[in-house]
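Please read the structure below before turning to the comments.
We did not get these values from a lab; they are worked out from the coordinates using the rules stated. As the structure is a prediction and not an experimental result, all values here were calculated from the model.
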Amino acid sequence: MSTGALPTFILVGAMKCGTTSLHQYLGAHPQVCVSDPKEPDFFLQRTEKGLDWYRQCFSGEAQEYGEASTNYTKYPTFQGVPARMHEVLPEAKLLYLVRDPIERALSHYAHNRVAGREARPVDEAFRPVTESHYLQTSRYHAQVSRYLDHYPREQLLVVEAERLRNERMEVLREIFAFLGVSTDVDASAFADEYHTTSGKLRPGVSSFVQETALGRTLKSVGQALLPQSVIERGLGVLQSDVERPTLPDATGRAVRASLQDDVDRLRALTGRGFAAWSL
């Protein structure tokens, strides 16, 4: 029986909001241990992987332990996640990173196009607006409310991606305080940004790195042994340019109308204005 740690916090999403950067920043804190791999996806469904396997994702001594599986906020694609999580981790604190919902959805679409998982034009992929997977993932209040059916509000912190980018240390100290670790940290440890280039890994390469054990191992070894500048030059060879998709006017209006109520509910829930957003 493994005696490893179970997480005390979960970064539940959202995809394409900077979770890779936040995972790295959290791991740079001396009192925090983050999972390897970043996204264990343990609570997606009941599988043969038990708690011993999950514990092995967290190595090292720390005060707080956490992981960052963005699939945890992709309802209805993945259902029952909050209930399964609460059954195992009822005291866990939840971090939810959000971004302008239209910008997030377009980035998600571009990500899937380059990875070879999306062949439809953006107008088709975003319709009908009530059913599009990209827009469902951007309905942040609808996603997080399912967690609040199981967890008290005080165990949830919603983090604005735009603020994390522009006011990084202020936001990180808010997160550290929420997690109960020291806010007196050296800012130089949190200077880098991750996954911020316009290029994405080419199809096949992305799937290999993110979805296979060997790919994740090679990525981890490279990150441990190579300077960041060398890693970025190497990734540049494997990247393809991503052109930001543009929504036709009619679809854009339909998308904005379909998301507005959810954004209003999120503002009411959090007390935040999300002033940088287009909605």
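Annotations for the structure displayed:
- Tensor-based shape of region 1-68 (alpha-carbon gyration tensor, a/c under 1.5 rounded, otherwise prolate or oblate): oblate
- Stretch gain in nm, segment ASP52-ASP192, where the contour uses 0.36 nm per residue and the Cα spacing is subtracted: 47.1 nm
- Added length on full extension, which subtracts the Cα-Cα distance from 0.36 nm per residue, THR130 to ALA177: 13.2 nm
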